[in-house]
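Have a look at the structure below, then the notes.
The values are calculated or read from the model by the stated rules, or taken from the named source; none is laboratory data. Predicted, not measured: the structure shown is a model, and the values here were computed from it. All Cβ positions, even for glycine, are placed from backbone atoms using ideal geometry, and neighbour counts span all protein chains on display. Remember, those area values only see protein heavy atoms, side chains included, never the ligands or the DNA or RNA. Shrake-Rupley method; radii C 1.70, N 1.55, O 1.52, S 1.80 Å.
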Amino acid sequence: MTRPVRVAIVGAGPAGIYAADALLKSDAAADPGVSIDLFERMPAPFGLIRYGVAPDHPRIKGIVQALHQVLDKPQIRLFGNVDYPNDIGLDELRTFYDAVIFSTGADADRALDIPGSGLDGSHGAAEFVSWYDGHPDVARTWPLEAEKVAVLGVGNVALDVARILAKTADELLPTEIPANVYDGLKANKALEVHVFGRRGPAQAKFSPMELRELDHSPNIEVIVNPEDIDYDAGSIETRRGNKQANMVASTLENWAIRDVGDRPHKLFLHFFESPVEILGEDGSVVGLRTERTELDGTGNVKGTGQFKDWDVQSVYRAVGYYSQELPKLPFDVASGTVPHAAGRVLAGGEPMESVYVTGWIKRGPIGLIGHTKGDANETVACLLEDHTTGRLPAPAQPEPAAVTEFLESRGVRYTTREGWYRLDAHERALGGAQGRERVKVVERDAMLDASEPGN
Ligand SMILES: Cc1cc2nc3c(=O)[nH]c(=O)nc-3n(C[C@H](O)[C@H](O)[C@H](O)COP(=O)(O)OP(=O)(O)OC[C@H]3O[C@@H](n4cnc5c(N)ncnc54)[C@H](O)[C@@H]3O)c2cc1C
């Protein structure tokens with residue numbers, strides 16, 4: 001083949017960008033060359049780095065810089081504000097490219113099937129995260145009248161949600177939060193945030209650093225009940241074999257034995273409390289019912305039949321993210337992922353011609369940004385093997401211009417890498433005017449306008 005291998009990547013989150021990086025570092029990049037188009041439904045790249053990671057987590061900036069270096073490569077084009085399949089479908093992608101990698105991630109809430117989940121005041125964590133991260137497609141206001149709030153789940157997302165609810169708006173003001181989020185948080189009445197885990201301290205899925213960070217706010221008193229510190233043989237084995245789990249358990253133990261201080265907002269971490277019902281009155285949340293659990297010797301828990309009602313007026317369900325089904329691709333509803341073998345999409349158990357997945361849509365919504373790199377390497381290795389063994393059918397229109405002509409013929413208002421840099425500069429200028437590094441633009445049209453030449 002004398003022309004470069006043409007690859008479309010749908011989803012410009014970390015997984016998609018790492019896949020582009022892996023392609024550019026492969027032998028194929030030297031001969032015959034690779035040419036990559038990244039399609040992204042948002043006008044800005046970076047997926048959950050922009051619309052998931054909490055605004056008070058600036059330490060991932062180094063990752064963003066590394067991803068920018070990939071995006072800057074001349075073999076890559078970015079098409080923002082382009083949605084699969086509404087703006088470009090699978091048939092068209094196959095017309096223009098040798099291969100298509102889907103890296104569309106996960107942005108919805110996994111359902112929690114307990115009575116009361118649908119009450120007013122019962123929220124999915126992903127919805128709240130999208131709000132405080134300034135996602136254009138969610139409401140601009142958020143109800144924060146509850147003085148006592150429950151957060152269900154013991155992963156990092158639960159910690160993010162609890163921390164944002166317990167911090168003051170002014171603590172978050174130096175971050176990139178947009179004005180509507182600052183105003184919303186300023187009106188937040190929460191004084192107590194209760195985080196609930198069904199199992200014990202050794203089974204919590206927190207990252208040690210994220211957990212310790214809770215204690216750094218001058219406004220948050222983190223409280224652990226000494227009765228919630230318990231281990232069985234299974235838990236002890238987990239602590240011995242898993243350094244992170246051991247660090248988390250040690251931190252929780254230390255918090256359980258210290259005196260409670262007088263910081264104004266109380267954040268309780270409860271273990272061995274399994275949420276069984278969100279209690280309602282007149283359609284709104286008035287409480288949470290949990291069943292006390294106990295360890296069964298293996299690190300798992302069983303119910304004790306002892307129930308407790310907690311006085312809370314709002315409940316956040318942080319029990320996991322869930323991917324959206326992609327039209328024309330198979331989908332496993334239970335795991336919320338696309339079935340695959342090492343990244344090759346499987347339809348009815350057989351590899352689908354020239355279609356691949358990577359990141360959270362491939363692996364499920366677990367793991368940090370860095371973990372998507374390994375995913376991408378595996379997927380790209382399969383793609384390139386299929387290329388060298390002649391398993392990728394040649395596309396009818398491999399010329400790069402065919403894609404822009406197609407999008408323009410459809411009237412798609414797409415943005416480009418240069419457009420993203422204009423928006424980036426605009427957001428930095430908005431921040432600079434207030435002594436902040438950046439202020440996010442929320443409205444999609446305003447993002448598109450700021451991406452136009454001349455802005
Ligand atoms: C609340 C939260 C906080 C987190 N905090 C951290 C943290 O502090 N540190 C850390 O390391 N990790 C963190 N993570 C994990 C990290 O965000 C993920 O590991 C990572 O973003 C997954 O990458 P991805 O590219 O697979 O998916 P995503 O980041 O979701 O990217 C997918 C991209 O595809 C686009 N897309 C989706 N559908 C379509 C479509 N139909 N057409 C076109 N484009 C589409 C999306 O807009 C998005 O840009 C956090 C996750 C969550 C949920």
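Restricting to strands (runs of 3 or more DSSP E) lying wholly in region 1-118: which have 3 or more residues that are open to solvent by 20 Å² or more (accessible area, probe 1.4 Å) and assigned by TED's automatic domain parsing to the domain that holds Tyr132? Spell out the reasoning first.
Working: elements: 5-10, 34-40, 76-80, 99-102.
Of the strands (runs of 3 or more DSSP E) lying wholly inside region 1-118, none has at least 3 residues that are open to solvent by 20 Å² or more (accessible area, probe 1.4 Å) and assigned by TED's automatic domain parsing to the domain that holds Tyr132.
How about region 189-203: which of its residues are open to solvent by 10 Å² or more (accessible area, probe 1.4 Å) and either among the hydrophobic types (A, V, I, L, M, F, W, C) or free of Cβ contacts under 8 Å to residues at least 60 places away in the same chain (or both)?
Result: Lys189, Leu191.
Inside region 127-150, can you point out the residues that are of a type in the set (A, V, I, L, M) and in a helix (DSSP H, G or I)? Break it down stepwise before answering.
First, pick out the residues of region 127-150 that are of a type in the set (A, V, I, L, M): 129, 138-139, 144, 146, 149-150.
Correct list: Val129 only.
Could you please let me know if Trp142 is aromatic (Phe, Trp, Tyr), more than 12 Å from the ligand (Cβ to nearest atom) and in contact (Cβ under 8 Å) with a residue 40 or more places away in the chain?
Details: aromatic (Phe, Trp, Tyr): yes; more than 12 Å from the ligand (Cβ to nearest atom): yes; in contact (Cβ under 8 Å) with a residue 40 or more places away in the chain: yes.
So Trp142 fits the description; yes.
Name the single residue that is nearest to the chain's Cα centre (by Cα) among those in region 355-367 being open to solvent by 40 Å² or more (accessible area, probe 1.4 Å) and without any contact (Cβ under 8 Å) to a residue 60 or more places away in the chain. Can you show your working first?
Step one: of region 355-367, the residues open to solvent by 40 Å² or more (accessible area, probe 1.4 Å) are 360, 363, 366.
Next, from what is left, pick out any that are without any contact (Cβ under 8 Å) to a residue 60 or more places away in the chain: 363, 366.
Details: Arg363: 13, Ile366: 9 Å.
This residue is Ile366.
Collect the residues in region 394-413 that are in contact with a helix residue (DSSP H, G or I) (Cβ under 8 Å, 6 or more places away or on another chain) and surrounded by fewer than 18 Cβ atoms within 10 Å (Cβ to Cβ), keeping them in residue-number order.
First pass over region 394-413, keeping only residues in contact with a helix residue (DSSP H, G or I) (Cβ under 8 Å, 6 or more places away or on another chain): 395-398, 402-403, 406, 413.
Answer for region 394-413, where residues must be in contact with a helix residue (DSSP H, G or I) (Cβ under 8 Å, 6 or more places away or on another chain) and surrounded by fewer than 18 Cβ atoms within 10 Å (Cβ to Cβ): Ala396, Gln397, Ala402, Phe406, Arg413.
Looking at Val338, Val312, Val380 in this structure, which one is in contact (Cβ under 8 Å) with a residue 24 or more places away in the chain, more than 13 Å from the ligand (Cβ to nearest atom) and more than 30 Å from Glu147 (Cβ to Cβ)? Walk me through how you get there before you give the answer.
Values: Val338 fails: more than 13 Å from the ligand (Cβ to nearest atom); Val312 fails: more than 30 Å from Glu147 (Cβ to Cβ).
The match here is Val380.
If a residue must be more than 8 Å from the ligand (Cβ to nearest atom) and out of contact with any Lys or Arg (no Cβ under 9 Å at 6 or more places or on another chain), how many such residues does region 353-362 contain?
0
Quick check on region 204-218: of everything there that is without any contact (Cβ under 8 Å) to a residue 40 or more places away in the chain and within 23 Å of the chain's Cα centre (by Cα), which residue is nearest to the ligand (Cβ to nearest atom)? Working first, answer last.
Of the residues in region 204-218, the ones without any contact (Cβ under 8 Å) to a residue 40 or more places away in the chain are 209, 212, 216.
This time we only want the ones that are within 23 Å of the chain's Cα centre (by Cα), so: 209, 212.
Numbers: Met209: 9, Arg212: 14 Å.
By that ranking, first place goes to Met209.
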